[in-house]
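Here's the structure we're looking at; comments come further down.
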Amino acid sequence: MHVKRLLNKLGMRSRTEAAVWVVENELNSVVNFGILQGNSMHVPAAAVIHSGAGEGDALLEAILTECQQQGWRVRGLVTQQGKDPQGILPMQLRDLNTGKVFSISQELGRNAQGCTLDMGGLVEAGQVLRNALNEQPDLVFINRFGYGEAQGRGLSQEFTQLISAGIPVLTLVSEKYLESWQAFSAGLAQTLPLERAAIIGWLTRIEPAHLI
């Protein structure tokens, strides 16, 4: 169905509102995958809050490598090359499992003002996450919940599918998109500070049974 007709049918004004509706309805079917903590229900998903740019990339990659060394089946995408302020180097994501690198930016020139994101490259990279749905790994890491996802685009569909399948998802979210993340996850996902102890603590709570 065309996006505009779908929004009109649902009585919604924006893609963001539609994305939130999808997540809330999908999550209603997976509460059994949630982690009970006190009187609240949480799904096994968490976002580490960072201030933007490349903050947190190195720490998260180091922790994910440790998980793999301990026997975790980890899938997902990490940032290989972030946004270059000079507009010269392409933004790149790397498949955690195979090492394949995906370029997700267009070459618009140093002084370009428009969006440099290459949707074709992002769709190709997103296949890593879609494959994870069938592989049922212990953890999926998605490099960012950012502007595109906050607008109901980017990798928002992959986020929704993975969370709805009950597969643990970990990501980074900038402070300016934190409210969008909380709305997107219907308040059922957790937020973590950019601290090793906090991240390890969350991973301990979702440690796969085959490692216990």
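A single entry from Arg110, Arg153, Arg75 fulfils the requirement of being of a type in the set (D, E, K, R) and modelled with pLDDT of 95 or more: Arg75.
Counting the residues of the stretch 157-199 that are in a helix (DSSP H, G or I), over 21 Å from Gly76 (Cβ atoms) and touching a residue at least 24 places away in the same chain (Cβ under 8 Å) gives 3. The listed residues are Leu122, Leu133, and the only one of them that is more than 11 Å from the chain's Cα centre (by Cα) and either part of a loop (DSSP other than H, G, I, E, B) or farther than 26 Å from Ala58 by Cβ (or both) turns out to be Leu133.
Does Ile104 fit the bill of being over 26 Å from Ala186 (Cβ atoms), among the β-branched types (Val, Ile, Thr), buried (at least 19 other Cβ atoms within 10 Å of the Cβ) and at pLDDT below 95? The answer is yes for Ile104. When the stretch 50-84 is filtered for residues that are in contact (Cβ under 8 Å) with a residue 40 or more places away in the chain and either of a type in the set (Ser, Thr, Tyr) or part of a strand (DSSP E or B) (or both), the ones remaining, listed by number, are His50, Ser51, Val74, Arg75, Gly76, Leu77, Val78, Thr79.
Every residue, every condition in (1) surrounded by fewer than 17 Cβ atoms within 10 Å (Cβ to Cβ); (2) of a type in the set (Phe, Trp, Tyr), yes or no:
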position: Leu155; (1), (2): no, no
position: Phe159; (1), (2): no, yes
position: Leu172; (1), (2): no, no
position: Tyr177; (1), (2): no, yes
position: Trp181; (1), (2): no, yes
position: Ser185; (1), (2): no, no
position: Ile206; (1), (2): yes, no
position: His210; (1), (2): yes, no
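The values are calculated or read from the model by the stated rules, or taken from the named source; none is laboratory data. In this text the structure is predicted, and so the values were computed from the model without any measurement. Ideal geometry is used to build each Cβ from the backbone, glycine not excepted, and the neighbour counts take in all protein chains shown.
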